[in-house]
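Everything on this sheet refers to the single structure shown next.
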Ligand SMILES: Cc1ncc(COP(=O)(O)O)c(C=O)c1O
C-alpha cells in the first residue's frame, strides 16, 4: 500500500495502479563524502534501488502509466527516447509484467559506454528496437507503427507513452516518493532536508517531488539540475506540470485545494550541462570518481553525474552548515 492511497483513500478506486518496485527506497548519510566536503549532513535517497529488474527513477511513474494503458485495452506500448534512455529500459523491463509488448523508437545521442550497455540491455529485456538515424525520421517511424508495415501488420495499435514518463499521471509516482520521504523524516531516519538535488530531464521527477513535498508539509527546496538545455528546462514548464498534477489529484477526489497551492519558485541550475545532453564534462568525471571512491555510489554521466557535480560545486551557495542536503540518486542499477 502506497502513502498516496493512505493519504487520499478516494484515489484507490479511481486510479489504475500496479506495484512494480520495492519501496521505501533506503536513505543513507554520505559520511565519507560529507567529511571531505566539510558537510555533516549530506544524505542520499537511493532510488537506484526501486526495483530488481532495473531500478532508477522511472519505476514509480510506470506503476501508474502502464496499468492505465493496459486498462484501456492496449497490448503494446511505444516509447520514444534517445539511444541510452533509462526510461526506455525501465519500460522494457516492467511492461511485460502487465503483458504489454514494447517498441522503442530510439534516436541518436552521444554513444558512451554507458549508452551502449543500456542499448544491449534493452534487447535482453525483449523490446523491439527501431533505430532512427536522425530525429527527422521520427514522424515516418511513428506512421509505420500506427498504420502498420509489412513487418508488423498483425500487431495491435500501440499506446504512446509520454516522453520520460512525464505527465500528471506519471508525476503521481514522485508525489508518492515525497510522501515516503516525509515518513522517513518523521521516523527519524534522516533529518528534514533543506535542499533536495535531482537531475532535471523531462521534469516529472522534480515536479512530482515539488508537489509531494508541499502535500507532506516538507519545507525542502528542490534544485533541478538541467541535463538537457535551457530551451527545455524552463521553470514555467515545471510549474505548469505541478499545477496539472495538483489538478489531476483534485479531479480524482483527493482533498487538495487547487487554488493557492503553494508551488514555490522553480529552482534550476543550468551551469553543469556542458556541451549538451549526454556529453560529459571534467566536473562530471571528477564527481563520478569521487562518488565511487568515497561512497561506492555508481552514477552515470548523463543525469546523476551532472546532478552530483552541481551539488559538489554549488553546495556552499545553497546550504547553511549543519542543515541536511539530500542527493536524489535517480540512477538505474548498474548491470556491469
Ligand atoms: C537516471 C536518470 N535520472 C534523472 C532523469 C530525469 O528525470 P525526469 O525526466 O523525470 O526529469 C532521468 C530521465 O530519464 C534518468 O534516466
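Laboratory data are not the source of any read-out in this text; all were calculated from the coordinates shown. Everything quoted here is computed from the prediction, not taken from an experiment. For neighbour counting, all protein chains shown are included, and Cβ atoms are generated from backbone atoms with ideal geometry for every residue, glycine included.
Observations on the structure shown:
- Spatial offset of the stretch 221-287 relative to the stretch 7-60 amounts to 18 Å, using the alpha carbon center of each.
- Cα gyration tensor shape for the stretch 1-145, rounded if a/c is under 1.5, else prolate or oblate: oblate
- The stretch 173-243 - percent relative contact order, Cα under 8 Å, separation 6 or more: 38 percent
- Shape descriptor for the stretch 218-301: Rg over Rh equals 1.11 (Cα atoms; Rh from the Kirkwood inverse mean 1/r).
- A P(r) calculated from all alpha carbon pairs of the stretch 20-100, with 5 Å bins opening at zero, reads 3, 15, 20, 17, 14, 10, 8, 6, 4, 2, 1 percent.
- Cα-based shape type of the stretch 41-86, given that a ≥ b ≥ c are square roots of the gyration tensor eigenvalues and the cut on a/c is 1.5: prolate
- DSSP-defined antiparallel bridges as percent of all bridges, the stretch 59-164, nearest 5: 0 percent
- The chain: relative contact order in percent, alpha carbon pairs under 8 Å with at least 6 residues between: 22 percent
- Three semi-axes describe the equivalent ellipsoid of the chain; taken as square roots of 5 times the Cα gyration tensor eigenvalues and ordered largest first, they are 31, 25, 17 Å.
- Taking other C-beta atoms within 10 angstrom as a stand-in for reagent exposure, 222, 97, 80 fall in the order 97, 80, 222, fewest first.
- Under the criterion of Cα pairs below 8 Å and six or more residues apart, the relative contact order for the stretch 59-164 equals 34 percent.
- Per residue, the convex hull around the alpha carbon atoms of the stretch 1-67 comes to 100 Å³.
- At q = 0.12, 0.21 Å⁻¹, base-10 log of I(q)/I(0) for the stretch 126-252 (Debye sum, equal scatterers on each alpha carbon): -0.61, -1.15
- Computed Kirkwood radius, in angstrom, where 1/r is averaged over Cα pairs of the stretch 59-164: 13.9 Å
- Percent of beta bridges antiparallel (DSSP, the chain, rounded to nearest 5): 10 percent
- Rg ratio (alpha-carbon, reference 2.2 N^0.38 Å) - the stretch 182-232: 1.25
- In plain terms, the chain from residue 243 to residue 13 could stretch by 80.5 nm, reckoned as 0.36 nm per residue minus the Cα-Cα distance.
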